[in-house]
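The structure appears right after this line, and notes come after that.
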Amino acid sequence: MDETTSKLAFDTDWQYDPAPESTDHIRIDEQYELFIGGEFVAPKEGRYFDSINPANEKVLARIASAGKDDVDRAVKAARKAYKTSWSKLKPAERGKYIYRIARVLQERAREFAVIESLDGGKPIRESRDIDIPLAAAHFFYYAGWADKLEYAFPGKQVAALGVAGQIIPWNFPLLMAAWKIAPALACGNTVVLKPAETTPLTALKLAEVVRDAGLPPGVVNIITGAGDTGAALVDHPDIDKIAFTGSTAVGRSIQKSLAGTSTKYTLELGGKAANIIFADAAIDEAVEGIVNGIFFNQGHVCCAGSRLLVQESVADEVIRKLKDRMESLIVGDPLDKNTDIGAINSSAQLEKIEDYLRIGQEEGGEIYQSSGTLPDTGYWCRPTLFTGVSQSNRVVQEEIFGPVLTVQTFRTLEEGLDKANNTPYGLSGGVWTDKGAKIFKMTRAIRAGVIWANTFNKFDPASPFGGYKESGMGREGGLHGLDAYLELS
Ligand code: NAP
Ligand code: MG
């Protein structure tokens, strides 16, 4: 080995050269209006807010804020479109429009990926390889069902509900819009969608796609604004269904507002998933899965594997390998193709995560964070591990929604299961073992809507997603996702 090779092989201080994705091919306007009745219209009260890039805190665009009157305009446009055009179309024709949206999304995938990473802070690798292709896949999948609904529910009469109000969070902005809009349209409903305040841009770009795809005006309406815009949509008397994804607290308030009304609703709320490693698991693969399960998308994932439960005899090995792997994760510029962990979505979310880092230490947890420098501006959090925590600690019980993993050990399968189920949530879970029988036993007994075995965070439009307990009610995806937008008789 000559001197240069040995230096390359053993120098641990080396860095990747930057590999930023170009922004030359995208266009972001200075100002965006509301998309109502097929046109972009100014908000009645003339209020606007900024959407910023959380990686450098610079303003990307000014965004219209929809007041009560605008919400009313959007619902009226959706009702008119439902009555006069969308419900009159043959189902196969509805399908054609939805396919068109899917194809345009695929054609413009690169542009959508870059804008998603700019507006929300997620690594370009994720928006390019996961968010945008999966969003297009949802439109393709549900387009196929539009003219086959009676085969989806044999022996039943199917009818659309009417107008759906849809409210989504900031962690998968375009993908959540696709999860909401695609099944609603396929079932013959029209929609009013409100994206999150910090990530409105890809929903507004989707509005352009809807317009360019020639959908009848008013079938899809996109209204931007903060929580009060969402609340006005929930409270509107002419909505047939509310589909909400977000925090358990807001989900609860929506449930209260709708109690006693005929409005149907589905709620996708928080999570605190356990990822359980048994001693017989393939440890290196499990460690990679744990890293993916919690550090993917900065831990801004409702189904994140935020609690590691590891069988005692392999705990030291797993923790050592986890720390080694965390050290190699690159935190930084979301547009860089090497980046593993991008920017935290907002200063408010960063504050919330930092509060939990403090709480975890006050509760007696031992904190470990990767080293390395962070950019000077923007919102960043190093991948973090808490050991020495117990089941009653807040960092173990409460959703942090950041790159923070707690580690607990167990001896028997029953103890692992008890710990896995002992939180108010039940959205997802993961099991790592070499034994098929153990997988079946665990997956039946974990009280969660989605459970992965020897893998984590895998999504497909055909599989239903949703929670038990405080993680919500109803399912999205697959046949179950159609059910939520139909009246069956
Ligand atoms: P959030 O505060 O509940 O917001 C979700 C959406 O609801 C946003 O569009 C928000 O608008 C809007 N909203 C806020 N207050 C409202 C109200 N009173 N009535 C109607 N709409 C209202 O959640 P977040 O903090 O943005 O997102 C993080 C949380 O979402 C996490 O803690 C996690 O629990 C949950 N989450 C769950 C899933 C899932 O699939 N189960 C997925 C992602 C996130 P603004 O953003 O403009 O305030
Ligand atoms: Mg933003």
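The values are calculated or read from the model by the stated rules, or taken from the named source; none is laboratory data. All values derive from a computational prediction rather than experimental measurement. Using ideal geometry, Cβ is built from the backbone for each residue, glycine included, and neighbour counts are taken over all protein chains shown. Accessible surface areas use protein heavy atoms only, side chains included; no ligands, DNA or RNA. Shrake-Rupley method; radii C 1.70, N 1.55, O 1.52, S 1.80 Å.
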Problem set entry | Considering only the chain, percent of DSSP beta bridges that pair antiparallel, nearest 5 | 35 percent
Problem set entry | Cβ-derived FRET efficiency at R0 22 Å, residue 257 paired with residue 69, nearest 0.05 | 0.70
Exercise. Kirkwood hydrodynamic radius for the chain: how many Å is it when counted over pairs of different Cα atoms?
Worked result: 23.3 Å
Seminar exercise, completed: Among trypsin sites (Lys or Arg not before Pro) in the stretch 271-349, those in a DSSP loop whose Cβ has at most 15 other Cβ atoms within 10 Å are 337
Exercise. Residue 328 accessible area, nearest 10 Å², 1.4 Å probe?
Worked result: 60 Å²
Seminar exercise, completed: Checked the stretch 50-128 against the a/c 1.5 cut and the a/b vs b/c comparison, axes a ≥ b ≥ c from its Cα gyration tensor; verdict oblate
Problem set entry | Share of carbon and sulfur in the accessible heavy-atom surface of the chain [1.4 Å probe, %] | 50 percent
For this session: Among DSSP beta bridges lying fully in the stretch 274-460, give the percent that are antiparallel, nearest 5.
Result: 15 percent
For this session: Would you please state which residues of the stretch 112-147 a label at residue 347 would reach in this model, taking the label point 7 Å out along Cα→Cβ and a backbone N cut-off of under 20 Å?
Result: 118-122
Seminar exercise, completed: For the chain, the per residue accessible area (1.4 Å probe, Å²) is 41 Å²
Exercise. Under the definition of Cα pairs under 8 Å and six or more residues apart, what whole-number percent is the relative contact order of the chain?
Worked result: 17 percent
Exercise. With r defined as the distance between the Cβ atoms of residue 31 and residue 363 and R0 fixed at 35 Å, what FRET efficiency is calculated, to the nearest 0.05?
Worked result: 0.15
Exercise. For the stretch 274-460, what mean projected area does the convex hull of the alpha carbons give, in nm²?
Worked result: 10.3 nm²
Seminar exercise, completed: Computed, not fitted: 222 nm per-residue ellipticity of the chain from DSSP H runs ≥ 4 (each -39500 (n - 2.57)), nearest 500, equal to -11500 deg cm²/dmol
For this session: Show the residues, 5+ positions off or on another chain, whose built amide H is closer than 5 Å to the amide H of residue 265.
Result: 242
Exercise. Say a site is exposed when it is one of the chymotrypsin sites (Phe, Trp or Tyr not before Pro), sits in a DSSP loop, and has at most 15 other Cβ atoms within 10 Å; what is then the longest site-free stretch of the chain?
Worked result: 17-489
Exercise. Taking a ≥ b ≥ c as the square roots of the eigenvalues of the Cα gyration tensor of the stretch 377-489, is the shape rounded (a/c under 1.5), prolate (a/b larger than b/c) or oblate?
Worked result: oblate
Problem set entry | Using a Förster distance of 30 Å, the FRET efficiency for residue 85-residue 376 (Cβ separation, nearest 0.05) | 0.05
